[in-house]
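Take a look at the structure set out below.
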Amino acid sequence: MSIKAFIVQKAAAFTAKRINKWKKTAVSDQGQIMLQLTRKAKNTLFGKDHHFDKIRTYEDYKKSIPVRDYEALRPYVDQVTEGKADILWPGKPKYFAKTSGTTSGVKYIPITPDSMPNHIHSARNAMLNYLHQVGNADIFKGKLIFLSGSPVLDEKGGIPTGRLSGIVNHEVPKWIRTNQLPSYETNCIDDWESKLEKIVEETLTQDMRLISGIPPWVQMYYERILEKTGKKTIREVFPNYSLFMYGGVNFEPYRAKLEELVGGRMDSIETYPASEGFIAFQDDKNDSGLLLNTNSGIFFEFIPVEHVFDKNPDRLMLDQVELQKDYAIIINNNAGLWAYDIGDCVRFVSLDPYKIIVSGRVKHYISAFGEHVIGKEVEEAILTVANKQKVSITEFTVAPQVSPKDGSTPYHEWFVEFDHAPSDIKTFAAEVDKEMCIQNIYYDDLIKGKILQPLIIRSLKKDSFRDYMKSQGKLGGQNKVPRLSNDRKIADQLVPFQVSDQA
């Protein structure tokens, strides 16, 4: 065993022990973090405006700090981006993570010296915990690849600014950097297709052991590797490849295709990073639940998703949540985000320890007729049927068709790019519709009441979603296709890619 592998093995055991310890103290840790955050920020502008010096309990906290989205927090953020100090958090941010909002345009999320460890240490913890679980640190005998955005940073108010994945490139620990690919120069290439060619060139002859990235872009990497080498599977190219780390989207719609390309099932670890904070990670490779990061500078609140648009919604602490309910997740952290609605829905699948799955985006839903269908429901419906019929799906998205041109009853329109298509698209669609009725009782009522007709699937030609994302300037990096929308902005742009339908 190499010296590095020996050290990593010891660090992995220590990390796993710490994680197991804070699993048991999650509720008390959260209460302490709430008070620690307000005490440290009480002399900031935000702290003074919201009477942080008087906060003693969670009830005080809720009364003092209303839930906000980016637009509501923007008057404070704008002062930070102008270079002012002590606005949301003591001092100035170390970075701004630049993200795109649907209503706010570009958003600048502060990352402070205090919050940066949450991003870096959480990713490290997920990896080390896995290595301890499998008892093998041999990953560090080879190379690791992180498919990410460009590390080239601009400035905003004198603060380095860029995509989170690019920022993280600057913070990767030295002991990992020696194993890391691609090179910094290649990572700086902005055009995804040009960057992909260089990544393939740099990694083709390397001993790749860990690959990390968003599944659709990892799939492109796999396909290009196989095209270049003429091999049938990734394992033939990288025989020691043993761990796939991913985040940002549900892996299940991509699993069949990625495993086909790799040459079988392999270990994978899901993470839940966001610009606002590293929220959770998979602590057990045999359990799909994600362990909530309850001891990492973030105080979490939860709003039942059915009340998220109420004027004064119910807000819950960790010990008040219930299993199998969908909640909007609210962030309070040491970067100066206070009662901040990040727009994600989560569902608790365990309360001992506290584990979640991401069930969708609050703003990514369909409720044109009061059905409030969420991402988790459409994914589970189509994957259930696809698995039964041995159908493989590359990508899909769903939108309401409120006013069909033929004057017929409205319906949900599914745009699906198949890797292995069903033999009968109408039968496939009918089965997906049945599953949707099981997933969502309101949808079931609308179908039974003939307010909606059963869903319709539009088959799209190969690479439709890649071409669409490229047309939007969102190919590669951390970009992903929304699973569903309550309008037809995406749907209408996908119509030209259609090759057939049920008609």
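The values are calculated or read from the model by the stated rules, or taken from the named source; none is laboratory data. As the structure is a computational prediction, the values presented were derived from the model and not from experiment. Virtual Cβ from ideal backbone geometry, glycine too; neighbours counted across all protein chains shown. Quick note on the areas: whole protein, heavy atoms, side chains included, nothing else; ligands and nucleic acids left out. Shrake-Rupley method; radii C 1.70, N 1.55, O 1.52, S 1.80 Å.
Distance from the Cα centroid of the range 19-81 to that of the range 358-402 is 35 Å (rounded to whole angstrom). What fraction of the DSSP beta bridges in the chain is antiparallel, stated in percent and rounded to the nearest 5? Counting only bridges with both partners in the chain, antiparallel ones make up about 70 percent.
When Ser367, Ser464, Ser28 are compared by accessible area at a 1.4 angstrom probe, the order from most to least is Ser28, Ser367, Ser464. Dipole magnitude for the range 345-503: computed about the Cα centre from +1 point charges on Lys and Arg Cβ and -1 point charges on Asp and Glu Cβ, it is near 400 debye.
Split the accessible area of the range 123-221 by element, probe 1.4 Å, and carbon with sulfur accounts for 49%. The listed residues Met34, Met266, once ranked by accessible area (1.4 Å probe) with the largest placed first, stand as Met266, Met34. Among the listed pairs Lys40/Lys92; Lys10/Lys141; Lys62/Lys311; Lys257/Lys390; Lys107/Lys489; Lys98/Lys156, those whose Cα-Cα separation exceeds 19 Å are Lys107/Lys489. Using a cut-off of 25 Å between Cα atoms, the listed pairs Lys174/Lys474; Lys195/Lys474; Lys426/Lys448; Lys54/Lys325 include Lys174/Lys474; Lys54/Lys325 as exceeding that distance. Assuming R0 = 22 Å, what is the FRET efficiency of Lys228 and Asp138, from their Cβ-Cβ distance, to the nearest 0.05? With a Förster radius of 22 Å, E is 0.30. Rounded to the nearest 20, the size of the Cβ-charge dipole of the chain about its Cα centre is 1340 debye, with Lys and Arg at +1 and Asp and Glu at -1.
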